[in-house]
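A quick write-up on the structure given underneath.
The values are calculated or read from the model by the stated rules, or taken from the named source; none is laboratory data. Fair warning: this is a prediction, and the values are worked out from it, not measured in the lab. Every residue, glycine as well, gets a Cβ built from its backbone with ideal geometry; the counts of neighbours run over all protein chains shown. Areas reflect the complete protein model, heavy atoms only, side chains present, ligands, DNA and RNA absent. Shrake-Rupley method; radii C 1.70, N 1.55, O 1.52, S 1.80 Å.
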Amino acid sequence: MKLFSLILLSLCTQISFAATLINGAGATFPFPLYSKWFSEYQKINSEVQINYQSIGSGGGIRQFSDKTVDFGASDAPMTDEQMQKAGAPVVHIPTVLGAVVAVYNISGVQSGLKLTPEALSAIFLGEIKKWEDPRLTKLNPELKLTGDIIVVHRSDGSGTSAVFTDYLSKVSPAWKEKVGQGTAVNWPVGLGGKGNEGVAGLVKQTPGSIGYVEFVYAEFNNLSYANLKNKTGKFVTPSLASVTSAATASIKAMPEDFRISITNAEGPGAYPLSSFTYLLVWRDTPDAEKGGQLVKFLNWAIKDGQKLASELKYSPLPKSLVAKIEAKIKTLTFGKQKG
Amino acid sequence: MSPSVPIGDVRSLSSGTLINSTKKATKLIRNFTLKRDVHLADKIFFLGLLFTSFLTVILLASIGLFLYLASEKAIAASGWQIIFRSLWDPVRDVYGVLPVLYGTLVSSLLGVIFAVPLSLGIALFTNELAPKKLATIVGFLVELLAAIPSVVYGLWGIFVLVPLLRGSIQPFLIENLGFLPIFTGPAYGVGMFTSGLILALMITPTISSISREVFRAIPHSQREAALALGATRWEMMRLSVLKSAKAGVFGAIILGLGRALGETMAVTMVIGNRAEIVASLFAPAQTMASVIANEYTEATSEIHLSTLAFVGLLLFMVTFLVNSIAHLIISKITKKHTGTF
């Protein structure tokens, strides 16, 4: 009985500590980092507890717009139409950067496959059907490429597909016209795998296959990934640094609301399949207490939080951008106290 | 003022107009609650059970209604031709559900085709041939298959079944039976054929354990009579077991089919997820349940969401239809059967 009341007492104190409960939902891609962030942040600031449901970017935007959660998270920025439907001004806060890599399984080729945007889009359009196609062997004279190509793509709607198809639409007019860009598209060829793990599993097992997954996923699963030719004509290996440099190269073109696609970025070191991931907050959070805590957290995330990012293989934000985001966070209000 | 309601009253419910029968039902309930049961506890018990049985009906109706309301936009946008179109393009918001409808029906039928001989074999063996101890063990193990989560079947499919099919079974079939259109094309490993196999494994416990119960219910005297007339073991099983158990076995198969139609996770993992109608069983396909599971979380346009709800409605109707047809057939077979005795 004593023990029981002790447990009850400790539970009560815990509840009273977590004074402010903030709920968020959205993108699955940054989930490992976000959950680390929220638990680390609670150690520093015990006044707040942040819950995050990784239900996917689409679901995050929906729940955020319906105001069932306090903040949303999305890999792709909201469209103008979605922002209008939300009913109140939305602010996008970039948190980290991610990259999509083309993974392949060719027997005897462990690494070093080079691909141009034209070759990549032709493969996914089904125009290049064999590895021994001259368009591929010319790029990779030192590699032995043979056999049929089996294309693997995501079957579920995902931010990863959105980034990948956004890039293909930019570099290939044929892709833009026939397929287009989106979280789920009508794929001209290939097999669909559910989730990063589904695509990785199919590629790992199917000789001659090529697919795309999150960079983090390819790293942790020892998949071979291709070097992509970027806008300046250099073949770039995906890495934390080359992804961040894609963001640095795009800062000049960065719009006021941070809604930008950085695929096919300029700059010699930029990896072309890079993307931001965002937290979505209201310009004025209705609940003053939640809003205040959320602003504190955002400030922590874009500074101290960035150190945790590289540990988990996410590319940190470029330093010059952090200042801009900080200025943006200052404009946020809550409960209309400041204005 | 009879203290109990004659059973005839219940029977007469089926005849007469709806209003009439509703009136009768109300009267029946009143009779039950007010006159027959003197004890309060009895009344509460009756009403409680009445409530639970009505609850399922209400639930079923409200699910159907919800799905219809949610899919109204999709129906308004493309009309009922959405069922016959085979394009699925979320970028341009154009949808047709024919390929996923086809995928669901064919993969489930394949599952049933693979599962029925296997399940009946298990049921006959455990009930008619095996020594009691062995039968208990086999029966237990088969029923254990039903307890395996579907995602585990899916993983097993990806890591064991798919490489096996791609490496040896599919190339063998393509080489030797390639003249049949259903065994053509490259051996991907994943696809319709694979999902049929996985589904067969998943519904085998259902079909075999129900069939076994049905076989067990057949009186021993029938078997003895057949054997006494000089039937071999197989003839005995065919004449006195399988023939009498027809309706029950059919019911078991339909229950299995019902599970196969709605199965999502394992199928999504091995079917290749491509909304296309191809003759070859080795080609990737897509089912209604898996397209919902795949695209619901990231669907942002209203038409896309609404179309996914429509797919749900269609799946709901298909399972409803299959079950209704099954009930009809079973009741017919049973009637014919009871007539012969």
Which condition number does A:Val163 fail, the rest of (1) more than 9 Å from chain B (Cβ to nearest Cβ); (2) under 24 Å from A:Thr79 (Cβ atoms); (3) surrounded by fewer than 24 Cβ atoms within 10 Å (Cβ to Cβ) being met? (3)
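Let's see how each residue does on (1) open to solvent by 10 Å² or more (accessible area, probe 1.4 Å); (2) among the basic types (Lys, Arg):
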| site | (1), (2) |
| --- | --- |
| A:Val203 | no, no |
| A:Val216 | yes, no |
| A:Asn221 | yes, no |
| A:Lys231 | yes, yes |
| A:Ser239 | yes, no |
| A:Val243 | no, no |
| A:Thr248 | yes, no |
| A:Glu256 | yes, no |
| A:Ile262 | no, no |
Residue check for B:Leu173: over 28 Å from the mean Cα position of the chain (by Cα), closer than 15 Å to B:Ser280 by Cα and either away from every other protein chain (no Cβ under 14 Å) or part of a helix (DSSP H, G or I) (or both): yes
Could you grab me the full set of residues in the range A:55-102 that are closer than 21 Å to A:Leu298 by Cβ, within 14 Å of chain B (Cβ to nearest Cβ) and acidic (Asp, Glu)? A:Asp75
Would you please list the contacts, defined by Cβ atoms under 7 Å and residues six or more apart or on different chains, that run from a residue in the range A:185-197 that is more than 7 Å from chain B (Cβ to nearest Cβ) to a residue that is surrounded by fewer than 19 Cβ atoms within 10 Å (Cβ to Cβ)? A:Pro188/A:Leu125; A:Pro188/A:Gly126; A:Pro188/A:Lys178; A:Val189/A:Gly126
Which ones in the range B:271-304 are closer than 19 Å to A:Ala162 by Cβ and without any contact (Cβ under 8 Å) to a residue 60 or more places away in the chain? B:Asn273, B:Ala293, B:Asn294, B:Tyr296, B:Thr297, B:Glu298, B:Thr300
Would you confirm, using the coordinates I've provided, whether B:Pro117 is over 30 Å from A:Val151 (Cβ atoms) and over 28 Å from the mean Cα position of the chain (by Cα)? no
What is the number of the single condition among (1) over 30 Å from A:Gly59 (Cβ atoms); (2) part of a helix (DSSP H, G or I); (3) of a type outside the set (Gly, Ala, Ser); (4) open to solvent by 50 Å² or more (accessible area, probe 1.4 Å) that B:Ile333 does not meet? (4)
Residue list for the range B:249-272, restricted to those being open to solvent by 10 Å² or more (accessible area, probe 1.4 Å) and within 11 Å of chain A (Cβ to nearest Cβ): B:Thr264, B:Met265, B:Met269
Considering only residues of the range B:274-295 that are within 12 Å of chain A (Cβ to nearest Cβ), part of a loop (DSSP other than H, G, I, E, B) and over 11 Å from B:Val311 (Cα atoms), which is most open to solvent (accessible area, probe 1.4 Å)? B:Glu276
Restricting attention to the range A:58-97, the residues that are at negative phi and either among the β-branched types (Val, Ile, Thr) or open to solvent by 10 Å² or more (accessible area, probe 1.4 Å) (or both) number exactly 25
Has the range B:127-144 got at least one residue that is farther than 21 Å from B:Phe320 by Cα, more than 14 Å from chain A (Cβ to nearest Cβ), over 19 Å from the mean Cα position of the chain (by Cα) and hydroxyl-bearing (Ser, Thr, Tyr)? yes
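Yes or no, residue by residue, for (1) basic (Lys, Arg); (2) farther than 23 Å from A:Lys129 by Cβ; (3) modelled with pLDDT of 90 or more:
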site	(1), (2), (3)
A:Asp166	no, yes, yes
A:Lys170	yes, yes, yes
A:Trp187	no, no, yes
A:Gly192	no, no, yes
A:Val199	no, no, yes
A:Ile210	no, no, yes
A:Phe220	no, yes, no
Show the residue pairs that are 6+ apart or on different chains and have beta-carbon atoms under 8 Å apart, the first residue being within the range A:325-339 and on the phi < 0 side of the Ramachandran plot and open to solvent by 40 Å² or more (accessible area, probe 1.4 Å), the second being modelled with pLDDT of 90 or more and of a type in the set (S, T, N, Q). A:Glu326/A:Asn299
Residue identified as farther than 18 Å from B:Leu118 by Cβ, assigned to a loop (DSSP other than H, G, I, E, B) and assigned by TED's automatic domain parsing to the domain that holds B:Ala123 among B:Ser244, B:Ser240, B:Ser221: B:Ser244
If the requirement is being surrounded by fewer than 17 Cβ atoms within 10 Å (Cβ to Cβ), in contact with a Gly (Cβ under 9 Å, 6 or more places away or on another chain) and within 11 Å of another protein chain (Cβ to nearest Cβ), which of these qualifies: A:Pro207, A:Pro268? A:Pro207
Given the conditions (1) touching a residue at least 60 places away in the same chain (Cβ under 8 Å); (2) surrounded by 12 or more Cβ atoms within 10 Å (Cβ to Cβ); (3) in the same structural domain as B:Val291 (by TED's automatic domain parsing); (4) in contact with a helix residue (DSSP H, G or I) (Cβ under 9 Å, 6 or more places away or on another chain), report the number of the one that B:Tyr102 does not fulfil. (4)
In the range A:188-229, what count of residues is obtained for those that are among the small types (Gly, Ala, Ser), within 19 Å of B:Gly154 (Cα to Cα) and touching a strand residue (DSSP E or B) at 6+ places or on another chain (Cβ under 7 Å)? 4
Conditions (1) in contact with a Ser or Thr (Cβ under 7 Å, 6 or more places away or on another chain); (2) at pLDDT below 90: number failed by B:Thr297: (1)
Output yes when any residue across the range A:284-304 is open to solvent by 30 Å² or more (accessible area, probe 1.4 Å) and more than 29 Å from A:Asp66 (Cβ to Cβ), and no when none is. yes
Answer yes if at least one residue in the range B:140-148 is at pLDDT 95 or above and surrounded by fewer than 15 Cβ atoms within 10 Å (Cβ to Cβ), and no otherwise. no
Any chance B:Ala285 is over 19 Å from B:Gly64 (Cβ atoms) and modelled with pLDDT of 90 or more: yes
Which listed residue is within 12 Å of chain A (Cβ to nearest Cβ), surrounded by 22 or more Cβ atoms within 10 Å (Cβ to Cβ) and assigned to a helix (DSSP H, G or I), from B:Gly167, B:Gly196, B:Gly157: B:Gly157
